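This report concerns only the one structure given below.
The values are calculated or read from the model by the stated rules, or taken from the named source; none is laboratory data. Quick caveat: nothing in here was measured; it's all calculated off a predicted structure. Cβ placement follows ideal geometry from the backbone for every residue including glycine, while neighbour counts extend to all protein chains displayed.
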Amino acid sequence: MARYLESKCKLCRREGEKLFLKGEKCFSDKCAIERRNYPPGQHGQKKGRLSDYGVQLREKQKLRRIYGLLERQFRNLYKKADKQKGITGDNLLQMLESRLDNVVFLMGFGSSRAEARQIVRHNSIRVNGIRVNTPSYLVKPGDQIELDNKAKEHIRTKSSIQIADNRGFPAWIEMDVKGMKGLYKNKPDRSDLPSTINESLVVELYSK
């Protein structure tokens, strides 16, 4: 499967904001955005005006990179969101937030979505007591997510959960930090998600 192998910090610089791809580094003064808040490359500091299409494309790329999806994965998820009842943009964000790798990240089992995805693929996650190793699995309201016993002993995992606990968990997730398990209570409302995301631009782009 295709993977992005270059510096993840370049992705944040390209989008002009923190995408939180590097775990704890993103919260420190070592974050690339704090030091060089302009696109990478020799022409990065030259300011240019984007067309309407360019603005839509950048928003789509930003959202895709936040959740670590390839173009085909993202487009397929959009098609599913478009077929559902309700607002397509809201449906898309809820589906992205409901992906197992994202829920594992929000519960603090991994310090980044990439690390959470690896934890899922390594058979370390159980959903309602059943082992699931598919990062794209869509978690449903009421599902319980838990680390297996072996993963609970990892020092890095314990540290990651503690850091997440100190920062606080989203309102739609109920965590048992000591038991290293959590409950996905409900899908998040649009108001619960970052205002820096403009999903309507993504819908406009794919609707052409």
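Data table
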read-out	value
Residues located in segment 166-188, provided they are in a loop (DSSP other than H, G, I, E, B) and within 16 Å of the chain's Cα centre (by Cα)	F169, P170, W172, K187, P188
Selected residue (only one of L70, L21, L57, L100 is at pLDDT 90 or above, surrounded by 13 or more Cβ atoms within 10 Å (Cβ to Cβ) and either over 18 Å from V202 (Cα atoms) or touching a Gly at 6+ places or on another chain (Cβ under 6 Å) (or both))	L100
Failed criterion for V202 (all others in (1) β-branched (V, I, T); (2) part of a loop (DSSP other than H, G, I, E, B); (3) in the same structural domain as L57 (by TED's automatic domain parsing) hold)	(2)
Residue within segment 122-134 that is touching an Asp or Glu at 6+ places or on another chain (Cβ under 7 Å) and either surrounded by fewer than 16 Cβ atoms within 10 Å (Cβ to Cβ) or among the basic types (K, R) (or both) present	yes
Test: R156 is modelled with pLDDT of 95 or more and more than 18 Å from the chain's Cα centre (by Cα)	no
